[in-house]
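Where a number appears in this text, it was derived from the coordinates with a stated rule and is not lab data. If you're wondering where the values come from, they're calculated on a predicted model, not measured in any experiment. Cβ: placed from backbone, ideal geometry, glycine included. Neighbour counts: every protein chain shown.
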């Protein structure tokens, strides 16, 4: 029997949280699989007891502090648990793992020249240095891991060229039933915000504020869209606030907020703030188009959620977006507000085209499955255990 030790200590925001929230229920469905999961207590509280899963709580620390803590504590925890395969989900490997290790590398920033240029232009040298240090640890981790995987083939190929070692592309999944069937309502303040813009064209962007998601190009496209779609009014709906005090991480939203003011966007930007994940499907269904101008991604869960929700997708033209959406999206150069505005207008040009894009999106979203994802992980684990057993027999 495979007994996975899942190091989920890095799951605190964004894709990391989405990953663990979906992986755990899939593990629970497998009675012949055991798992020990190391995660933060706040996330642990979301999961009910399970016969085949044991949980260990870890403390919340910064990335580098967490890395050194893992190196000291994890080997003994793994031995104590009796696990025979380690799944490290947060970009960094255990350097001396007592069992074969699968590493999930899902941070595209370490390999993004544009991100480093962006940080230099913003004068954020602290974050530039921090990302360089983490990138060197991530590169070493890829080389140490017995099996390295990435959420898309495009990102896997980029990592392979970086470390001169095979990296597998294993798509993350999507659970349509659990995503849409949760009865959690939208918070009252969010419902009130939607009530105020019910007659507007609503563009949705699901993300906390950060630099690589390129909010600024989206803001610059809004005045163009207001002119091109007049007399219909346009609103951009964000699941964050342009306020450093309420955003995770160290990204500074001040310049983006100043840009929005200088463009006189005012009520055109609807800042919902963080929406509870179980209620997020309501947000998609309240909007008309999903748009993302990101210049770096490794998967982008909201694209799949948007397609499954029937939203036409307008996405920046990067390899990961094309791999995830295929023909179900319209693409634009992420540096061009005009190209973004034109793509949104094309997506809305006729009911027939909208219906066609919705059907393509529905079909594409069905290709993603957490069952398939876990099957691929267990396939990797079986290969590692068989290889270990063969090596032991040869050495004996």
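Points to keep in mind about this one:
- Percent of C-alpha pairs per 5 Å bin, the range 178-365, short to long: 1, 8, 17, 22, 23, 18, 9, 2, 0
- FRET E, pair residue 132, residue 69, Förster distance 35 Å, beta-carbon r, rounded to 0.05: 0.95
- Stokes-Einstein diffusion for the range 60-143 at 25 °C, viscosity 0.890 mPa s, with a Kirkwood radius from C-alpha pairs, works out to 175 µm²/s.
- Structural descriptor for the range 178-365: relative contact order 24 percent, calculated from alpha carbon pairs under 8 angstrom and at least 6 residues apart.
- Separation of the residue 230 and residue 42 label points, Cα + 7 Å toward Cβ, nm: 4.4 nm
- Take the convex hull of the alpha carbons in the range 99-229; its mean projected area over all directions comes to 12.6 nm².
- Overall dimensions of the range 94-173 as given by Cα atoms, namely Rg and Dmax in Å: 13.7, 43
- Seen from all directions on average, the range 1-119 presents a Cα convex hull projection of 7.8 nm².
- log₁₀ of I(q)/I(0) at q = 0.19, 0.25, 0.27, 0.31 Å⁻¹ - the range 146-199, Debye sum with one point per alpha carbon: -0.71, -0.92, -0.98, -1.07
- Distance between the modelled labels on residue 264 and residue 335, one decimal in nanometres: 2.9 nm (7 Å Cα→Cβ projection).
- For the chain, the relative contact order is 15 percent, taking Cα pairs closer than 8 Å that sit 6 or more residues apart in sequence and dividing their mean separation by the residue count.
- Measuring nothing but alpha carbons in the chain and taking Rh as the Kirkwood radius, the Rg to Rh ratio lands at 0.98.
- For the chain, the mean residue ellipticity at 222 nm estimated from helices alone is -15000 deg cm²/dmol, where every DSSP H run of n ≥ 4 contributes -39500 (n - 2.57) and the total is divided by all residues, rounded to the nearest 500.
- Rounded to 5, percent antiparallel among DSSP beta bridges of the range 1-133: 5 percent
- Förster radius 30 Å - calculated FRET efficiency between residue 345 and residue 366, Cβ distance, rounded to 0.05: 0.60
- Area projected by the alpha carbon convex hull of the range 245-352, averaged over all directions, nm²: 8.1 nm²
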